[in-house]
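The block underneath contains the structure these notes are about, expressed in C-alpha cells.
The values are calculated or read from the model by the stated rules, or taken from the named source; none is laboratory data. For clarity, every value in this text was computed on a predicted model and none was experimentally measured. Cβ placement follows ideal geometry from the backbone for every residue including glycine, while neighbour counts extend to all protein chains displayed. SASA here: full protein model, heavy atoms, side chains in, ligands and nucleic acids out. Shrake-Rupley method; radii C 1.70, N 1.55, O 1.52, S 1.80 Å.
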Amino acid sequence: MKRVLVILLALCGIAAAEPTAQFQLAERGQPHAGVPFTLQLIVDGFDEQPQPDAPKLDIAGAHVTFAGVSPSVSRQITSINGQVSQSTVVRWVFQWRVDVAKAGSVHVPSVTVTQGSKRAIAKSGDLDLDEVPTTDAMKLELTLPDRPVFVGETFEAKLTWLFRSQPEDQAFSVPMMSLDDFTISAPPATDPRKALQLHAGSKDLQLPYEIDQIEQNGQKWNRVVLHFYAAPRKPGKIDVPPASVVAALAVGRPDFFGNAPTRQFRTSDQPHTLDVKPLPETDKPASFSGAVGSQFSIAVATSRSVVQLGEPVELDITIKSAERLDTLALPRLDTLLPKESFTVPPDPPTGTLSDDGKTKTFKVTAQVTGPTTTEVPALAFSYFDPVRGTYQTIHSDPIALSVKGGTVVSTNDVVAASQKTTTPTKVQPTEDLTRVGADLALSSDPDKRPLGGSVVWILAALLYLVPLALLALRTWQLRTQTSREEAAEVRAARRRAEDELARAAKTPARDAAGPLASALRAYARTVDRNADEGGLLARIETESFAPGAASEPLSQDTRDKIADLIKRWSARPARVPKAAVVVVLLAALAPHARADALSDGRAAYQQAMTQTDASARKTAFARAAALLGEAARTRPDRPELLADWGNAALAAGDLAHATLAYRRALALDAENARAHHNLAWLRSRQPELFRPADEASGDALFFFHSWPRARRLLVGAFAFAAAILLLVPWRGRRRRGLTGLALLPAAIWIAMTVSLLLEERHTSDAVVIDDAVLRAADAMGAPPALTQPLPKGAEVTILEQRDAWTKVRLSSGTAGWVPAGSVEPVTR
C-alpha cells in the first residue's frame, strides 16, 4: 500500500496562532530507492518578509540538495456595510531533492525554522523506501560525446527511452543534470504539453521530446528522445552516474473494461566517464572570456551617431553562435574600447539570451571622453574552436561617430545612466514581475462563478412569472449559444477562404495574395490549426512578388494545395487515426494530460513560484500561462480562473494577455479584487498616451450603478415581484394601504431597469496583443497616425473591421488602422 510521509508539528499546548511546520512529499505515491524525490517543509504563520533562512537538512544514507524556498501569499478583501477589511495568509515552502541509494528506512531529523522572533519546529520521523524491480520491457540510454571535450564547451546530450507496453507515472533520474561539474540548459519547449519536466539541481527544466517507433532485433519498440545541453566547468575525468527511469507497466490480464493492474518497474543506463580537457594557455588572446564553439559572429549597434563630448552612448553588442550561449560573458569592457576615447563601467554587463539560446545581447553604456574620437572601433571577440584546437578572433564593423564640444561627466554618471530606464512607467523586458506590487496569489477556487448566467435568468424568470415553456427555450439557447456561434464562425471562415481561393484563380497574384493569406489565417484560428502548414503562406507571398504577379493569378499547383488544405481542415477527425498509438503514448508520457489543463496550470504555477532563477521562473510562468489560458478558453465564465491566467501571464512578462485576462474577469465579476488591483497596476505602467480614462464613479444617489449586472437584474426582479404581490387582492379586493406600499418597490424596479438599459457594456473593447503601428488608412503604406507604435496591453475600442485590418480608437480619441491579428476583443 502506498504511503506518504507527513511529519506534523506537535502542538504541545501552543496556541493556534503560533507558527506551524510539517514535512510532506511533493510527489504522489511511495518514494523508491534510487529515484530522487522532493521533500517539502511547509511553514504557516510567518510574515511575508523577510525570507526565513533555510534550515540545514542532513539525512543519513541520502544525498540531499536544497531546491529553493518561496512564499505563497493569499489576500482576501472583504467589504461589509461599507467597512473594507483585508486578510493575508502566508505559507513558506522549502524544498529539497532527496536521493536514497538503498531500500529501507531513513530517518528525517527534526528541523527548526526561524524568522525574527518567530520559530517553527518540524518533528522528526522515518521514511520507508522500497526497491523497484528491473525489467527488460524498457531500455534507457544516455548518449554523450565519444571524444574529449573542453572546459566551457557546450555539447548536446541525448536521453533515449525505449518501451514496448504503455507506461504510466514515469519518473526520470538523470544525476548528470545535478552535478556541480556541469552547467545544464534545455532547448526551447514550444509546446508545454509535449515536454517532460526533469530536475537539474535546484531548478526544473522542461525538455521537449520526440516520439516514434523503431524495430530492434525483430521487436517493435516505442522510442522517446529527449535532448539537453551541458558545459563542463572544470577539467579532468568526470564520472557520470547512470540515468534511470521508473514507470508503472501493466501486469496480468485486463478486465472487462480493458484496465489491467500495474506495477512499478525500473531500467537504468550504464555509468559514463567524460574526458574534459583544459583550454590551452598558449596563444590565448586578451579578448578571450571563455567562449568555446566552432562558429560565432559579433555585431554592434549604437543608440546615436552624434554626441556631445562627455555624453554617454549606448552600445548593443550581439553575439550569435551555432551553440547555446547560456554561459557566455564579455571580456572586461576596458579591453574592448580605447581608453583615450571611451570610459566604461569596470564590470561586464549581464546579457539577454534569446528564446533559442543561440543569440545573446549585451547593453553597454560608454562615455565619450576623447575630443578626436571619430568612430566606435571594431570590437574583438575571441573564442576557442574545439574542432581546430586553436583560438579564433573575429571583429565587428566600426561605426562612425561625430563628437561635438561639451563637458566631460564623471564615470559615476555613466554607471548611473546605464541603470536608468528611458520610460519610468514602462515595464522593462528583464523586470522580474513576480517581485512587483501586483497580487500574484492563486485563487482558492478557480471554478467559482458569480451569480449569473442561467441561474440569474431562471430566478428572474420565476420572479417575473415567465411561462415554463419560455424558460426551457431560454435555457436551451444559453446552453447551445457558444457551440452554435463557434460553428457559424467556422462556416463563415471556411466560406471566406473558399471565396478568396476562387477569386485567386481570376485575379492577379499580387492583388489576391493578401486577402487569401488573411482568410487562411482566420480559418486556421477557428479550427485550431497551423496557418502556415506546408509553408503555403510563404509560397503565396513568394508568388505575389514574382515578375508576372501583376498580371497572372496564383499557379494552379498552389491553388490545388490550398484547396486540399481547406478540405483537410474541414474534414472531421477519424475515430481511430493512424497515429493513435502516438496519441496514446503522449498521454502516457504526460500523466497530467489525463487531468484537465486547469489542474496542470495551477500545478505549473505553484512550481514556478518555487524557482529561484529569474530566467527559469519566467519560463515556468509562461508554461503555466499557456495551460491556464487553455483552461480559460474552455471555461470562459470563471472570473477567478481568468484572474489566475492573468497572474501567470503577468509573471511571465506577457503584459498583453495579462491585461486581456483581467478585463475578461472584470466583465464577469466587476468586484474581483485581484483583477481590479493588477489591472490598475498594469495601466499605471503604460505610457500616459495609452492609459484608459478613469471611469467616473456615480454619486451617492445612484450608487447601484456600480453593482454587478446580475445583482441589479435580481433586485429589479424582486422589486417587480414585490410590487405585483402588493397589488394582488388577497382578500377579494385591493387594499389601499398595500397599493400605496407598491410604489416603493415599483420605483426600485424602474431604477434597476433604467440602469440596465442605459449601461455601457463595452462590447467593442479590445486589447493590443502584438506591437502594431497605428496607421491613417487600411494599408501598409499608409502614414502612421501616431509617432510611436501601440504597446502590448494597450486598451482600445474597435470601430470597424475591413478584411485584414481593424479600425480602433484610443482613450485619447485618436483613431487609426492596425492589422486584424494584433488586437483581441475583450468579449467573445
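What the table below lists for this structure:
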{"quantity": "Number of positions in the range 217-240 that are of a type in the set (S, T, N, Q), open to solvent by 40 Å² or more (accessible area, probe 1.4 Å) and on the phi < 0 side of the Ramachandran plot", "calculated": "1"}
{"quantity": "Top-ranked residue of the range 16-39 - restricted to ones that are aliphatic (A, V, I, L, M) and not in a strand (DSSP E or B), ranked as nearest to the chain's Cα centre (by Cα)", "calculated": "ALA26"}
{"quantity": "Qualifying strands (runs of 3 or more DSSP E) (wholly inside the range 308-411; at least 3 residues being in contact with a helix residue (DSSP H, G or I) (Cβ under 9 Å, 6 or more places away or on another chain) and over 13 Å from ILE298 (Cα atoms))", "calculated": "359-368"}
{"quantity": "Options PRO50, PRO31; residue that is open to solvent by less than 30 Å² (accessible area, probe 1.4 Å), modelled with pLDDT of 70 or more and not hydroxyl-bearing (Ser, Thr, Tyr)", "calculated": "PRO31"}
{"quantity": "Test: VAL73 is touching an Asp or Glu at 6+ places or on another chain (Cβ under 8 Å), modelled with pLDDT under 90 and β-branched (Val, Ile, Thr)", "calculated": "yes"}
{"quantity": "Matching residues in the range 349-378 - criterion: being open to solvent by less than 70 Å² (accessible area, probe 1.4 Å) and either more than 30 Å from the chain's Cα centre (by Cα) or without any contact (Cβ under 8 Å) to a residue 12 or more places away in the chain (or both)", "calculated": "SER354, THR365, ALA366, GLN367, VAL368, THR369, GLY370, THR373, VAL376, PRO377, ALA378"}
{"quantity": "Among (1) open to solvent by less than 60 Å² (accessible area, probe 1.4 Å); (2) touching a residue at least 24 places away in the same chain (Cβ under 8 Å), the one test that VAL251 misses", "calculated": "(2)"}
{"quantity": "Residues that are at pLDDT 50 or above and not polar (S, T, N, Q), drawn from the range 590-609", "calculated": "ASP596, ALA597, LEU598, ASP600, GLY601, ARG602, ALA603, ALA604, TYR605, ALA608, MET609"}
{"quantity": "All strands (runs of 3 or more DSSP E) inside the range 40-158 with 3 or more residues being more than 30 Å from ASP326 (Cα to Cα)", "calculated": "62-80, 83-100, 104-108, 111-115, 118-122, 125-129"}
{"quantity": "Residue match in the range 684-695 (condition: surrounded by 13 or more Cβ atoms within 10 Å (Cβ to Cβ), at pLDDT below 70 and part of a helix (DSSP H, G or I))", "calculated": "no"}
{"quantity": "Complete set of residues in the range 169-205 that are touching a helix residue (DSSP H, G or I) at 6+ places or on another chain (Cβ under 6 Å) and in a strand (DSSP E or B)", "calculated": "ASP169, ILE184, ALA200, LYS203"}
{"quantity": "Wholly within the range 763-820, strands (runs of 3 or more DSSP E) carrying at least 1 residues that are small (Gly, Ala, Ser) and surrounded by fewer than 19 Cβ atoms within 10 Å (Cβ to Cβ)", "calculated": "815-819"}
{"quantity": "Selection within the range 156-167 - open to solvent by 10 Å² or more (accessible area, probe 1.4 Å) and out of contact with any helix residue (DSSP H, G or I) (no Cβ under 6 Å at 6 or more places or on another chain)", "calculated": "GLU156, LYS158, THR160, LEU162, ARG164, SER165"}
{"quantity": "Residue check, ASP316 in contact with a Phe, Trp or Tyr (Cβ under 9 Å, 6 or more places away or on another chain) and of a type in the set (Asp, Glu)", "calculated": "yes"}
{"quantity": "Filter result (β-branched (Val, Ile, Thr) and modelled with pLDDT of 75 or more) within the range 561-580", "calculated": "ILE562, ILE566"}
{"quantity": "Residue within the range 347-365 that is under 30 Å from THR619 (Cβ atoms), in contact with a Pro (Cβ under 8 Å, 6 or more places away or on another chain) and of a type in the set (Asp, Glu) present", "calculated": "yes"}
